[in-house]
Amino acid sequence: MKLSKTLQGLVADSVSLLGDAIKEEFGTKVYNSIESSRQRMKTMRGLSPRHWASGVETLNSEYKKLSKLSDSDLHAYAHSFAVMLELINKCESAYRDFRLKEKKITSSKKKPYAIIFVLTAHPTEARRPECLAIFNLIRNELIQALNGESNKKRLLYLIRMALKIPMARDEKPTVLDEANHIFSFALRPEMIDLYASFREEDLTVMLRTWVGGDKDGHPGVNEKTLIEVLDLSRKYFCHYTELK
């Protein structure tokens, strides 16, 4: 399956800006080393079985190279690649949003009984709120770029911010962290507006989640977490009404 040239271009431009940000944040020497690794890993794509031996040789060589790096350089490596993967995901998400808005949507005469959103999150997805917020801003900038309103200076600034902030939390995520991760997306003001528009079409909208109320043996879930999660969702709705 061939990727859209528009998406390919968006990814290429974004990763290029990431390279500029890595140079500014970690230095040219670290950037050159990271870029060398990235290019070597690209050569392994689609290797046939008869070339697997050369692939293993490449991996061993890369491992020896990484084993000689300092802890700070290893952190720069790991974080830079993590940001790159997240950045590519946001490019795909922005492109999907861009194409859906281009598509002409016709209303079906036969309406469903209800639209039911089932929301869930894994503890590992409970990343730093600051990180989630920055990548949401990056996604918005990418959508703007697809609409012909590119601002590379602003996007570069946001990518640099993403390089400065660790993705993982310092402490173990709680049930409330999982719930907040869900609500930070599902209960954004624009999403609540969307749910309200469905209601105007006489469509029942339901949001369901077992985070905070899962009774399937989760040791950290009980009647207290259920109330806490319900209260957290209520705060998002209260914030929405305050904005209106």
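The values are calculated or read from the model by the stated rules, or taken from the named source; none is laboratory data. Quick caveat: nothing in here was measured; it's all calculated off a predicted structure. Here the Cβ is made from the backbone with ideal geometry for all residues, glycine too, and neighbour counts use every protein chain on show. Remember, those area values only see protein heavy atoms, side chains included, never the ligands or the DNA or RNA. Shrake-Rupley method; radii C 1.70, N 1.55, O 1.52, S 1.80 Å.
Contact order, relative form, for region 1-155: 31 percent (alpha carbon pairs under 8 Å, 6 or more residues apart, mean separation divided by residue count). With both labels modelled 7 Å from their Cα along Cα-to-Cβ, the residue 54 to residue 3 distance reads 2.3 nm.
In this structure, the amide hydrogen of residue 209, modeled 1.01 Å from its nitrogen in the peptide plane, lies closer than 5 angstrom to those of 119, counting only residues at least 5 positions away or on a different chain. Here the dipole of region 40-86 is about 280 debye; that uses its Cα centre as origin and unit charges on the Cβ of Lys and Arg (positive) and Asp and Glu (negative).
Computed over the chain, the per-residue total of -39500 (n - 2.57) for DSSP H runs of n ≥ 4 gives a 222 nm mean residue ellipticity of -22500 deg cm²/dmol, rounded to 500.
Surface exposure of the chain, expressed per residue as accessible area with a 1.4 Å probe, stands at 67 Å².
Considering only 55, 32, 70, and ranking their Cα positions along the charge dipole of region 1-84 that arises from unit charges at the beta-carbon of Lys, Arg, Asp and Glu, the one farthest toward the positive end is 55. Each Cα pair under 8 Å and six or more residues apart adds its separation to the average, and for region 115-244 the resulting relative contact order is 35 percent.
Full extension of the chain between residue 115 and residue 140 gives 6.4 nm of extra length, using 0.36 nm per residue less the Cα-Cα distance.
The phi torsions of region 192-205, fed into the Karplus equation with coefficients 6.51, -1.76 and 1.60 and a -60° offset, translate into couplings of 5, 4, 5, 4, 5, 5, 5, 4, 5, 8, 6, 9, 6, 10 Hz, rounded to whole numbers, with Gly and Pro shown as x. A Cβ-based charge dipole, computed about the Cα centre of the chain with Lys and Arg at +1 and Asp and Glu at -1, lands at about 1000 debye. I'd like the FRET efficiency for residue 150 and residue 208, computed as 1/(1 + (r/R0)^6) with the beta carbon distance as r and R0 of 51 Å, rounded to 0.05. The pair residue 150/residue 208 has a calculated efficiency of 0.85. Relative to the dominant Cα principal axis of the chain, helix 52-67 is inclined by about 90°. Grab the beta carbon distance between residue 29 and residue 85, set R0 = 25 Å, and tell me the FRET efficiency rounded to 0.05. The formula returns an efficiency of 0.65 here. Tell me the carbon and sulfur percent of the accessible area for region 117-244, rounded to whole percent, probe radius 1.4 Å. The computed percentage sits at 56.
Compared with the alpha-carbon gap, the fully stretched path from residue 185 to residue 201 is longer by 3.5 nm at 0.36 nm per residue. For P(r) over Cα pairs in 5 Å bins from 0, in percent, several values are listed as (i) 1, 6, 13, 16, 18, 17, 13, 9, 4, 1, 0, 0; (ii) 1, 5, 8, 11, 11, 9, 8, 7, 6, 6, 6, 5, 4, 3, 2, 2, 2, 1, 1, 1, 0, 0, 0; (iii) 1, 5, 10, 12, 13, 14, 14, 11, 9, 6, 3, 1, 0; flag the one computed from this structure. Of the listed options (i) 1, 6, 13, 16, 18, 17, 13, 9, 4, 1, 0, 0; (ii) 1, 5, 8, 11, 11, 9, 8, 7, 6, 6, 6, 5, 4, 3, 2, 2, 2, 1, 1, 1, 0, 0, 0; (iii) 1, 5, 10, 12, 13, 14, 14, 11, 9, 6, 3, 1, 0, (iii) comes from this structure. To the nearest ten degrees, helix 152-164 and the longest principal axis of the Cα atoms of the chain are 90 degrees apart.
If the segment from residue 234 to residue 63 were pulled out straight at 0.36 nm per residue, it would be longer than the present Cα-Cα gap by 56.6 nm. Modelled label positions at residue 224 and residue 100, each set 7 Å beyond Cα in the direction of Cβ, lie 3.8 nm from each other. Shape class of region 122-242 from the Cα gyration tensor (axes a ≥ b ≥ c, square roots of the eigenvalues): oblate, since a/c reaches 1.5 or more and a/b does not exceed b/c.
Expressed as a whole percentage, what fraction of the accessible surface of region 56-102 belongs to carbon and sulfur atoms when a 1.4 Å probe is rolled over the protein heavy atoms? Exposed carbon and sulfur together represent 56 percent of the surface. Against the chain, whose longest principal axis is taken from its Cα atoms, helix 28-42 shows a tilt of about 80°. Projecting the Cα atoms of 181, 195, 142 onto the charge dipole of region 124-206, computed from C-beta unit charges around the Cα centre, puts 142 farthest toward the positive end.
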